[in-house]
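Enquirer: Supplied in structure tokens, the structure appears directly below.
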Amino acid sequence: MVPSLVSLISKKIIKPSILTPPKKSHKLSFVDQVVHMSISMAFFYPKISNYEPTHVSQLLEKSLSITLSLYYPYAGRLNKDDDNYVDCNDMGVDLSHVHVHCPMSQIFRQPYTHAEHVVFPVDDQTYAHNEGKLATMQYQLSSLKNQLNALKANIAHESKVQNPTRSEVVSSLLYKCAIDARKVNNSGSFKPSYLFQLANMRQRLNPPLSHDACGNILSGYFVEIDNDRDVNCSKLVREMRKGKLNLHAKKNVIISEVIESIEKGNTPFHSNEIDNYFCSSLIAFPLYKVDFGWGMGTGPFNKWFYLLDNQSAGGVEVIVMLDEQDMAIFERDPELLEFASPITSLQL
């Protein structure tokens, strides 16, 4: 953690409220077996005058304990003999109670924020390595729907894709603007790239899995850009739709990329010749409805786009992570600003 901003008050182990049956195990998904991937999230809530910090901590402990009884593998440990399995032994998870020595709104008023280091533990070496190299910005795209609907209609007309989704339209716009910014910072020279769009496979499998199934049950598809002529939203949306339609194929591109890279001695999803961008859509995922007992929240990898619903239905919020130099160009792109406005502060 950042020692000047955060101090640890207490740390304890929280266990499931209901004991898991003995000798129960959980097999990791194939993606989790080959890719050790997790996404950290932070939820922010307005301060409520009649809630003492100790009471909030007690509510969190109770909520977490109940949740772990439903998702019991998270309270277990990897099997020592076969790490493709989790021993569901109720050993519990860490819960840290910390004090941040400034209002959270003060942190999020900064357009280039490293706020993730305030709310997620990292060591000093990692923090120093990332400092000044990665920029994060949050944008809101049309809470009134009008501009977003106009963009969708225009892309549908030019691409001939029927009913392009919010995710397709917004991803294409972000990717195009990021490529344009990268070109400016590369002395006007175009560099090939691809966008990797993650996809939840639970309901796409046969038979489908429950929405609540544990683990990274993911696949995805690539949208490759080899020349300047293809850098337009209509072309990108067409390629996204093709990729989405092929998701039912048996080949999982995440697993294929990892295995092929390991065989060649390379790092998966990394190349010096090609820029790699990633997008994960959490649209329709009820992030703003996460309630631990005192109401709903008000709501952070390089070259990543995260898409979320905004609090007023119909619009989209995005979190963009780019190199700081690329972000300086990206955030001034007139096409982006026609449909998006930066969120420079949170009301906390």
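Enquirer: Just name the residue that is modelled with the highest pLDDT out of those in segment 24-56 that are within 15 Å of V86 (Cβ to Cβ) and of a type in the set (S, T, N, Q). Give the derivation first.
Expert: Step one: of segment 24-56, the residues within 15 Å of V86 (Cβ to Cβ) are 24-33, 36, 38.
Subsequent filtering for residues that are of a type in the set (S, T, N, Q) retains 25, 29, 33, 38.
On the way: S25: 92, S29: 84, Q33: 84, S38: 68.
Among those that are within 15 Å of V86 (Cβ to Cβ) and of a type in the set (S, T, N, Q), it is S25.
Enquirer: Filter segment 49-85 for residues that are in a helix (DSSP H, G or I) and in contact with a Ser or Thr (Cβ under 6 Å, 6 or more places away or on another chain); which is nearest to I13 (Cα to Cα)? Please lay out each step first, then the result.
Expert: First, pick out the residues of segment 49-85 that are in a helix (DSSP H, G or I): 53-70, 72-75.
If we keep only those that are in contact with a Ser or Thr (Cβ under 6 Å, 6 or more places away or on another chain) too, we end up with 65-66, 69, 72.
Details: S65: 10, I66: 14, S69: 14, Y72: 14 Å.
Residue satisfying both the conditions and the ranking: S65.
Enquirer: How do the pairs read when you match residues in segment 81-105 that are in the same structural domain as L70 (by TED's automatic domain parsing) and of a type outside the set (A, V, I, L, M, F, W, C) with residues anywhere that are part of a strand (DSSP E or B) and loosely packed, with under 11 Cβ neighbours inside 10 Å, using Cβ under 6 Å and keeping only pairs 6 or more apart or on different chains?
Expert: G92/I13; S96/K11; H97/S10
Enquirer: Need pairs with beta-carbon distance below 8 Å; first residue assigned by TED's automatic domain parsing to the domain that holds G220 and within segment 31-57, second of a type in the set (D, E, K, R) and modelled with pLDDT of 70 or more; sequence gap 6+ or separate chains.
Expert: From segment 31-57, no pairs qualify.
Enquirer: Right, next: Which pairs turn up if I take residues in segment 328-342 that are more than 19 Å from L308 (Cα to Cα) and at pLDDT 85 or above and look for partners that are charged (D, E, K, R) and surrounded by 14 or more Cβ atoms within 10 Å (Cβ to Cβ) with beta carbon separation below 7 Å, at least 6 apart in sequence or on another chain?
Expert: So the pair list comes out as D333/D180.
Enquirer: Just to be sure before I move on: is L19 surrounded by fewer than 13 Cβ atoms within 10 Å (Cβ to Cβ), modelled with pLDDT of 75 or more and in contact with a strand residue (DSSP E or B) (Cβ under 6 Å, 6 or more places away or on another chain) in the structure I sent? So that I can check it myself, show each step before the final result.
Expert: Details: surrounded by fewer than 13 Cβ atoms within 10 Å (Cβ to Cβ): yes; modelled with pLDDT of 75 or more: yes; in contact with a strand residue (DSSP E or B) (Cβ under 6 Å, 6 or more places away or on another chain): no.
No.
Enquirer: Additional query: Of all residues being more than 23 Å from the chain's Cα centre (by Cα) and of a type in the set (V, I, T) in segment 28-81, which is farthest from I262 (Cα to Cα)? Just the residue, please.
Expert: Residue satisfying both the conditions and the ranking: I48.
Enquirer: Right, next: Write out, first by first residue and then by second, each pair whose Cβ atoms fall under 9 Å of each other, whose residues are 6+ apart or on separate chains, and whose first residue, in segment 151-178, is among the aromatic types (F, W, Y) while the second is part of a helix (DSSP H, G or I) and buried (at least 16 other Cβ atoms within 10 Å of the Cβ).
Expert: Going by the 9 Å Cβ cut-off, the qualifying pairs are Y175/C233; Y175/L236.
Enquirer: Can you find even one residue in segment 31-46 that is loosely packed, with under 14 Cβ neighbours inside 10 Å, polar (S, T, N, Q) and assigned to a loop (DSSP other than H, G, I, E, B)?
Expert: There is at least one residue in segment 31-46 that is loosely packed, with under 14 Cβ neighbours inside 10 Å, polar (S, T, N, Q) and assigned to a loop (DSSP other than H, G, I, E, B).
Enquirer: Moving on to the next point. When you scan segment 260-304, how many residues do you find that are modelled with pLDDT of 85 or more and in contact with a strand residue (DSSP E or B) (Cβ under 7 Å, 6 or more places away or on another chain)?
Expert: 8
The values are calculated or read from the model by the stated rules, or taken from the named source; none is laboratory data. Note that the coordinates shown come from a computational prediction; the quantities given were computed from them, not determined experimentally. As a convention, Cβ positions derive from the backbone with ideal geometry for all residues, glycine included, and neighbour counts pool all protein chains shown.
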